[in-house]
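First up is the structure itself, then whatever we jot down about it.
The values are calculated or read from the model by the stated rules, or taken from the named source; none is laboratory data. In this text the structure is predicted, and so the values were computed from the model without any measurement. Glycine also receives a Cβ, built like all others from the backbone with ideal geometry; neighbour counts cover every protein chain displayed. The accessibility values were calculated without ligands, DNA or RNA, using every heavy atom of the protein model including side chains. Shrake-Rupley method; radii C 1.70, N 1.55, O 1.52, S 1.80 Å.
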Amino acid sequence: MFKQILSKLPRKSSKNSESRDGSHTMYSNPPTSSRSSDFGISKSGNLVTSFPAGNPVSDVGKSYGNKNVRGANLKPNGFVLSSSYEALPGFRDVPNSEKQSLFIKKLNLCCVVFDFTDPTKHLKEKEIKRQTLLELVDYVTSANGKFTETVMQEIAKMVSTNLFRSFTPQPRENKLVEGFDLEEDEPSMDPAWPHLQLVYEFLLRFVASPETDAKLAKRYVDHSFILKLLDLFDSEDPREREYLKTILHRVYGKFMVHRPFIRKAINNIFYRFIFETEKHNGISELLEILGSIINGFALPLKEEHKLFLVRALIPLHKPKCLAMYHQQLSYSIIQFVEKDCKLADTVIRGLLKYWPITNSSKEVLFLSELEEVLEATQPSEFQRCMVPLFRQIAHCLNSSHFQVAERALFLWNNDHIENLIRQNRKVILPIIFPALEKNARNHWNQAVHSLTLNVHKIFQDLDPELYKECLLQFEEDESKEEEVKARRDATWIRLEEIAAKKAASNEPVLVFGKAPPRSS
């Protein structure tokens, strides 16, 4: 008898708790916020909210006839909701003293995440949530009092529940191997965007609001929250990445205490991308944020910032998909050179280290970036790297790909770069003269041929004696090459003759010559 009574007590207690707090709401996906202690777990293993006793939410449930989550069997993302999903009253319909309680109740109402893979399911409930999210955005925008810690905790919970999720990776390896351009692929649009957009807008307004106290909010917008926010940058939906970019930039500006951590976390994303995966959807957005951050760096630059340039930004030229984020990367690097001209040599040598060998489209990008770097380079820094630099430019001038050769020749159209070359012509012209002469004689593209003749004329008019010296040296080297080629051809002819004589007797052919030196 007593056992039967005792066995009923938990169910009775749970029922009372539900009626007191307005009912338990199950989540369609587990919230990944660090504040996981706010949630309980039912016997079936599903996550449910567990409002503490005396929570203002319960008062709202009483005041408005329990018009909250109760009644029906909904299954967002496969989880059964034990109650119906009904709209709460508007903020205009309640006195000011109860608006905060209603705000928290609406936040909890929006903690249900619906499955958008089937557009025909839960249409009414989805619309209720959308309208509620719109009301929350308006409330945060027009707030005229500081947000309390309780409110911030509920905001962090709602945002975490809706946004923080794992992505299903798309098979991209085959596209890279087969040479497809990932930029031409149609971006994947998240079907849940009608709700996600409003949650992002809500978070943006909350972070930007003057009523958000950064000292208090940093307890909830903490390192765990920021890391999960950064994980979302790998979303394939460009609309989501655009919101994330704006929000992270606002977080960086508002929470000064988190700035070093945010920079370090972005570094780690870059390291993983460069040296492990070479797959990430949000590199361009992260670089855009960094471009703005770098622009605000104080002078002189800290050693930490210079290391970031050397260890993260310059190696970002290595991946094959450079074209997807090159514009933002180039801007970030130019910011460093403009802030500290001594970094020009470091940047140029870094570009030479990762210079592509067989990828002509990447070479064109490198040459474009090189022109921008050289434009901000001082003569003293230019002299430190001009020899290896113009050896590489000479290779580009001789490229059979006309766009590479043409882009290299366009460097002479920049007045600052041309002045640097003029001042150091005695070093530079002997390096590039063979490439210019071969182009003038043999290059198949007419545009490249014409540009080469223009550069020829610049040097010839600038320093006729140096031009003649280089021409004589080129002709002398060319005659030596012809002699070497003739001796090589003669050796092959002699080998063929000896082989023909010995062929009949099947004797091995022994060729006497200078043996290579043995390594000790």
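Taking the condition within 21 Å of HIS223 (Cα to Cα), surrounded by 16 or more Cβ atoms within 10 Å (Cβ to Cβ) and hydroxyl-bearing (Ser, Thr, Tyr), does TYR252 pass? When the stated conditions are applied, TYR252 passes them.
Say whether the condition of being among the basic types (Lys, Arg) and within 26 Å of SER360 (Cα to Cα) is met by at least one residue in region 258-268. Spell out how you get there, then give the answer.
From region 258-268, those among the basic types (Lys, Arg) are 259, 263-264; that's our starting set.
In the following step, the residues that additionally are within 26 Å of SER360 (Cα to Cα) were identified as none.
The answer is no, given that none of the residues of region 258-268 is among the basic types (Lys, Arg) and within 26 Å of SER360 (Cα to Cα).
Listed conditions (1) farther than 15 Å from ARG263 by Cα; (2) buried (at least 17 other Cβ atoms within 10 Å of the Cβ) are all met by LEU352, apart from (2).
From the list ASN144, ASN108, which residue is assigned to a loop (DSSP other than H, G, I, E, B), closer than 20 Å to THR212 by Cα, touching a residue at least 60 places away in the same chain (Cβ under 8 Å) and not aliphatic (A, V, I, L, M)? Give the steps one after another, and end with the answer.
Numbers: ASN108 fails: assigned to a loop (DSSP other than H, G, I, E, B).
After ruling out the rest, the residue left standing is ASN144.
With the structure loaded, tell me whether SER97 is under 20 Å from PHE206 (Cα atoms) and either surrounded by fewer than 21 Cβ atoms within 10 Å (Cβ to Cβ) or not basic (Lys, Arg) (or both) or whether it fails that test. Judged against the criteria, SER97 is not a match.
For region 315-325, the condition holds for at least one residue, the condition being that it is out of contact with any strand residue (DSSP E or B) (no Cβ under 6 Å at 6 or more places or on another chain) and closer than 24 Å to GLN378 by Cα.
Taking LEU374, is it touching a His at 6+ places or on another chain (Cβ under 8 Å), open to solvent by less than 10 Å² (accessible area, probe 1.4 Å) and under 21 Å from THR452 (Cα atoms)? Before the answer, list the steps.
Numbers: touching a His at 6+ places or on another chain (Cβ under 8 Å): yes; open to solvent by less than 10 Å² (accessible area, probe 1.4 Å): yes; under 21 Å from THR452 (Cα atoms): yes.
Yes, satisfied.
Among the residues of region 124-147, which ones are of a type in the set (A, V, I, L, M, F, W, C) and surrounded by 14 or more Cβ atoms within 10 Å (Cβ to Cβ)? Walk me through it before giving the result.
The initial filter retains those residues of region 124-147 that are of a type in the set (A, V, I, L, M, F, W, C), namely 128, 133-134, 136-137, 140, 143, 147.
Listed by number, the residues that qualify are ILE128, LEU133, LEU136, VAL137, VAL140, ALA143, PHE147.
For LEU244, are the conditions met, namely being modelled with pLDDT of 95 or more and either within 26 Å of LYS124 (Cβ to Cβ) or open to solvent by 60 Å² or more (accessible area, probe 1.4 Å) (or both)? When the stated conditions are applied, LEU244 does not pass them.
Filtered by the rule that a residue be under 17 Å from ALA344 (Cβ atoms), among the β-branched types (Val, Ile, Thr) and open to solvent by 10 Å² or more (accessible area, probe 1.4 Å), region 276-313 gives a lone residue, VAL310.
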